[in-house]
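K.L.:
Supplied in C-alpha cells, the structure appears directly below.
Readers should treat all values here as calculations from the given coordinates under stated rules, not as data from a laboratory. Quick caveat: nothing in here was measured; it's all calculated off a predicted structure. Cβ placement follows ideal geometry from the backbone for every residue including glycine, while neighbour counts extend to all protein chains displayed.
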C-alpha cells in the first residue's frame, strides 16, 4: 500500500526540515570571530580588503555580510531591532544614524576608549565628520567613527569657462548666467557635435532631488526647521530657492526630473553638460579614457554661494558597534585599527575620501588626488542633513514635491506649501 | 485487532496532513494574525488603536497610490486581454510558421520583471534611449517625449511595459482554452450557414469563457500588487506619478520603519483583491452551473 510507504518518507522529511532549521541558528560567537555588515560598493570594498589584512595580521576571523545600499539599511534596521546580535560592526550612511541612535541600537564608544586609557578619538579627524557620530549631533555621546569623508563638490568644465573668459563660479547667479550663455552659444559643442547643456541636475524624487537642492536652499538663506523644530521650507527664501532651481532646470537636459546619479554623470562624462553638483566618488572616472570624453577638462570646486556662503551637503559613511554585538571588544579593536591614519590612507588609495585632515594634506596623496584641497575645504564647510530619526520619511516627501515642481506639475509656491504641510504631519506622528 | 486497524486507518490521513498543516500554521496563518495585531499598533504605543486605518483616509499619498494602482490595473488588463485574445484567435488558425510565432510571443513573459524594467528603462531614456533615437531617426521632434520623466507620460509608459510583458500570458491561457473547444459545434454552425462573427459570438466566446475568467483573475491579482517593473523603471516618480500601493507599502515598512501603517495598507489591498477575485469566481461558477 502506498500509504504505508509514506510513513518513513514523511518522517525523513520532517527530520530534514527540523535539522535545516537548527543548522541556521547553530553558530555561536567565539572571541576570535567578527561579523561586519558592509555596503556593496567602493566604500564597502575598502573595508572588506582592510578586514582581510586584519585577519592576516591578527588571526581574528572576519565574516562579511555585503548588501546593496538600499538593502543594507533594511537589514541592519531589522536585525538590530530584533536584537539578534548578528553583527559586530555595521556601516551606516550618516543620514541613517539618528534613527539608529535614537532607537538605542548602538554602543557608546566612551567605555571602550576608557579601557584603553584614552578619552576619545584623536583630533586628526575632520570635526564635521566626527560630529556625525555623536548623538545628539556634535554634543552628545559618541556612537560611531567616520570612515569615508564624502561631501558634495561643484563640477564644471574648465575649458568651456576659459573659452568664454569666465572665472570659476563663486555664486549661483554666476552659475545661472554661465548655464544660459553655454546653452545659447555652445549648442553644438559636445564631443561629436551634439548639444551641450549648461547645467545638469538630479531631480528624481527622494534623495536625489533633495541632495541637489539643499546647497541652493541653504545658500538662499532658507532653513528646513525653525529653532522650535517647526518646518519652514515654504519660507520666502525657500520658495525663491526652488524658483531658482526651476530656472536652472531650463538649461538642464530634458527629463532631468527623473535623473539620478547615473544619468547626471553620463552627461558630464559624455561632455553633453557643463556643470553640476556631484560627489567625489565620480572624480576618478573623468580621467578614465574608457568612460570619459572630457579628460583633463573637468574642474572641481566648493559650492557656490548666494545670500549665504555656499555649503555642501555632507555624506559620510560611519562605522558603529551594535549594542547587542557578540564581540564588542574585538569589534572596537578593529574599528580603531580600520580608522587609524595608516589604514585610512590605504582606504583612500582604494578610492574613498578620508575623514582625516593629515591624509587630505599629505603631499603624496594630493599628487594622486588633485581635488583633495577642495574636498577638504568643502568637507570643513559642509552641513549635515537635519538630524532627525524621521529623516527618511521627510526626505521622501520633500523629494516628491521637488520632483513635481521640476517636472512642471506644481508651481514652486504650491510645491513648497504642500511639502511643508506633509513634513509637519510626519513630525507630528514622530512625537 | 480489527478495531485497532480501523482506528489506525482513520488516524492516517490526519497524520499525513499534520506536517502540511503545521507548516501552514507556522508560515502563513501565524504571520497573518501577527500582522493584524501589528496593524492596530501606532508608533510606540503598545495598546490597540485604530489610528493606522483612520490615517489611511487622510493620507493623500495613499489615496493617490490607490488611484494609480486601479488605473494601472484597468488599463493594463483591458489591453492585455484584447491583444491576447486577438493573438490567440490569429495563431489558432493554420498559419504558416505558427509555431515560431507562438514561441517568440512567449519570450517577454519568460524574462524576470526586473530585467524587463532595466531594459525598458534604457530604451525609454529620453537622451540615449533606443525609442527616442528611432523616432529622431524618422524625423520626429522628441524633445517633449521624456517618457518616464514626464508626469503625463510616466504612468502610460509603465503600463505599456506591463502590456508588453504580460500580453503573452493572456495569449497562452486563451490559446489553450481555444484548443480545448471541440470541433463539432463549429461544424454544425457551418452547416447552418452562420457568419464568422455569429460563430465567434455564439460559439467561441461562450465556450472560451472559463479560460477568459481564469486569465483575468490571475492577471488582476498580479496587477493589483505590481511592484518590480515600476520600482526599477521609475521608483514611483516623477514626483509621485507612478507610485503604486505595493511601492508605498514597501517604502513605509522598510524606509520609514512604520510596520503598523504598512500592515494596515496591506490589509486594504488584501481585502480589495479578495473582493475582486470573489466576483470573478462567482461568475465562473455561474458559468459552470449552466
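K.L.:
Can you sort A:226, A:108 by how many other beta carbons sit within 10 Å, fewest first?
P.N.:
A:226, A:108
K.L.:
Another question about this same structure. Under the definition of Cα pairs under 8 Å and six or more residues apart, what whole-number percent is the relative contact order of chain B?
P.N.:
Relative contact order here is 27 percent.
K.L.:
What is the mean number of Cβ atoms from other protein chains located within 10 Å of the Cβ atom of each residue in peptide A:248-261, rounded to a whole number?
P.N.:
That average works out to 5.
K.L.:
On a 0 to 90° scale, report how tilted helix A:42-58 is relative to the longest principal axis of chain A, with both axes built from alpha carbons and the result rounded to the nearest 10.
P.N.:
Here the helix axis deviates by roughly 40 degrees.
K.L.:
Treating only the Cα positions of region A:319-370 as identical point scatterers, give the base-10 log of I(q)/I(0) from the Debye formula at each q in 0.21 Å⁻¹.
P.N.:
Here the Debye-derived log intensity ratios amount to -0.73.
K.L.:
With the contact rule set at Cα under 8 Å and sequence spacing of 6 or more, what percent relative contact order holds for region A:212-323?
P.N.:
It rounds to 29 percent for region A:212-323.
K.L.:
Run through every distinct alpha carbon pair of region A:164-279 and return the Kirkwood hydrodynamic radius in angstroms, one decimal place.
P.N.:
14.9 Å
K.L.:
Can you give me the angle between helix A:261-270 and the longest principal axis of chain A, using Cα atoms only, in degrees from 0 to 90, rounded to the nearest 10?
P.N.:
Result, in degrees: 50.
K.L.:
Counting only helical runs of four or more DSSP H residues, what would the 222 nm mean residue ellipticity of chain A come to if each run contributes -39,500 (n - 2.57) and the total is spread over all its residues?
P.N.:
Roughly -14500 deg cm²/dmol at 222 nm, from the helical runs in chain A.
K.L.:
Another question, if that's okay. Based solely on C-alpha atoms, express the radius of gyration and the Dmax of region A:88-246 in angstrom.
P.N.:
According to the Cα coordinates of region A:88-246, Rg and Dmax are 21.3, 65 Å.
K.L.:
Based on the Cα atoms of region A:245-355, what semi-axes does the equivalent ellipsoid have, where each is the square root of 5 times one gyration tensor eigenvalue, given in whole Å with the largest first?
P.N.:
That gives 35, 19, 14 Å for the three semi-axes.
K.L.:
If we count other beta carbons within 10 Å of each Cβ, what is the order of A:319, B:281, B:276, fewest first?
P.N.:
Fewest to most other Cβ atoms nearby, the residues stand as B:281, B:276, A:319.
K.L.:
Would you work out the Kirkwood radius for the protein assembly as shown? I mean one over the mean of 1/r across all pairs of different Cα atoms, in Å.
P.N.:
29.3 Å
K.L.:
In what sequence, highest mean first, do A:145-158, A:376-389, A:253-266 appear when ranked by Cβ atoms within 10 angstrom?
P.N.:
Highest-to-lowest ranking by the protection proxy: A:145-158, A:253-266, A:376-389.
K.L.:
Based solely on its DSSP helices, what 222 nm [θ] is calculated for chain B when runs of n ≥ 4 H residues each add -39,500 (n - 2.57) and the sum is averaged over all residues, nearest 500 deg cm²/dmol?
P.N.:
Mean residue ellipticity at 222 nm (helix-derived): -23500 deg cm²/dmol.
K.L.:
Taking one equal scatterer on every alpha-carbon of region B:155-195, how large is log10 of I(q)/I(0) by Debye at q = 0.18, 0.19, 0.23 1/Å?
P.N.:
Calculated log10 I(q)/I(0) at the listed q: -0.64, -0.67, -0.76.
K.L.:
Could you state the per residue volume, in Å³, of the convex hull enclosing the Cα atoms of region A:296-431?
P.N.:
181 Å³
K.L.:
Let me ask another. Could you please rank A:64, B:159, placing first whichever residue has the fewest other Cβ atoms within 10 Å of its Cβ?
P.N.:
Ascending Cβ contact count within 10 Å gives the list A:64, B:159.
K.L.:
How many Cβ atoms of partner chains, on average, are near each residue of B:124-133 if near means within 10 Å of its Cβ?
P.N.:
4
K.L.:
I've got another one for you. Just to confirm my numbers, what's the Cα centroid distance between region A:209-224 and region B:242-286 in Å?
P.N.:
Using only Cα atoms, the two centres lie 36 Å from each other.
K.L.:
Cα-based Rg of region B:136-179 per 2.2 N^0.38 Å, rounded to two decimals?
P.N.:
So region B:136-179 has a normalised radius of gyration of 1.72.
K.L.:
Now a separate question. For region B:197-286, what is the per residue volume of the convex hull drawn over the alpha-carbon atoms, in cubic angstrom?
P.N.:
116 Å³
K.L.:
Here is a further query. What length, rounded to one decimal in nm, is gained on full extension from residue A:61 through to residue A:171, with 0.36 nm per residue of separation minus their alpha-carbon distance?
P.N.:
This chain segment gains 34.5 nm when fully extended.
K.L.:
GNM on chain A, C-alpha springs below 10 Å: top fluctuator among A:329, A:123, A:88?
P.N.:
Fluctuation is largest for A:123.
K.L.:
A further question follows. So for region B:94-244, Kirkwood radius off the Cα pairs, Stokes-Einstein at 20 °C and 1.002 mPa s: how many µm² s⁻¹?
P.N.:
The diffusion coefficient I find is 118 µm²/s.
K.L.:
While we're looking at this one, here's another question. If I model a spin label at residue A:232 and residue A:78 as a point 7 Å from the Cα along the Cα→Cβ vector, what separation in nanometres do I get?
P.N.:
Label at residue A:232, label at residue A:78, 4.0 nm between them.
K.L.:
Taking a quarter of the surface of the convex hull around the Cα atoms of region A:370-431, what do you get in nm²?
P.N.:
Mean projected area for region A:370-431: 6.1 nm², to one decimal.
K.L.:
Follow-up question, since we're still on this one. For chain A, take the longest principal axis of its alpha carbons; what is the angle in degrees between that and the long axis of helix A:412-430, to the nearest 10 within 0 to 90?
P.N.:
Helix A:412-430 sits roughly 20 degrees off the main axis of chain A.
K.L.:
Only bridges with both residues in chain A count here: give the DSSP antiparallel percent, nearest 5.
P.N.:
Of the beta bridges lying entirely in chain A, close to 65 percent run antiparallel.
K.L.:
Below 8 Å, C-alpha to C-alpha, sequence gap of six or more: please give me the relative contact order for chain A in percent.
P.N.:
About 24 percent, as a whole number.
K.L.:
Size of chain B along its principal axes in angstrom, Cα-based, largest extent first?
P.N.:
Computed over chain B, the largest-to-smallest principal extents equal 72, 64, 30 Å.
K.L.:
Something else now. Where does region A:17-176 land on Rg(C-alpha)/(2.2 N^0.38 Å)?
P.N.:
In units of the globular-protein estimate, region A:17-176 measures up at 1.38.
K.L.:
Something else now. What does the average come to when, for each residue of peptide A:343-351, you count the partner chain Cβ atoms lying within 10 Å of its Cβ?
P.N.:
Shielding by partners across A:343-351 averages 0.
K.L.:
Could you list log10 I(q)/I(0) for chain A at q = 0.06 Å⁻¹, which the Debye formula gives when each Cα is one point scatterer?
P.N.:
With one equal scatterer per Cα and no solvent, log10 I(q)/I(0) is -0.30.
K.L.:
Springs between alpha-carbon pairs under 10 angstrom, Gaussian network model over chain B: which of B:102, B:196, B:37 fluctuates most?
P.N.:
Result for chain B, Cα springs under 10 Å: B:196 fluctuates most.
K.L.:
Let me ask you something else. Could you check what % of the DSSP bridge pairs in the protein assembly as shown are antiparallel, to the nearest 5?
P.N.:
The antiparallel proportion sits near 65 percent.
K.L.:
If you build a Gaussian network model of chain A, linking Cα atoms that sit under 10 Å apart, which residue out of A:421, A:312, A:412 swings the most?
P.N.:
Result for chain A, Cα springs under 10 Å: A:421 fluctuates most.
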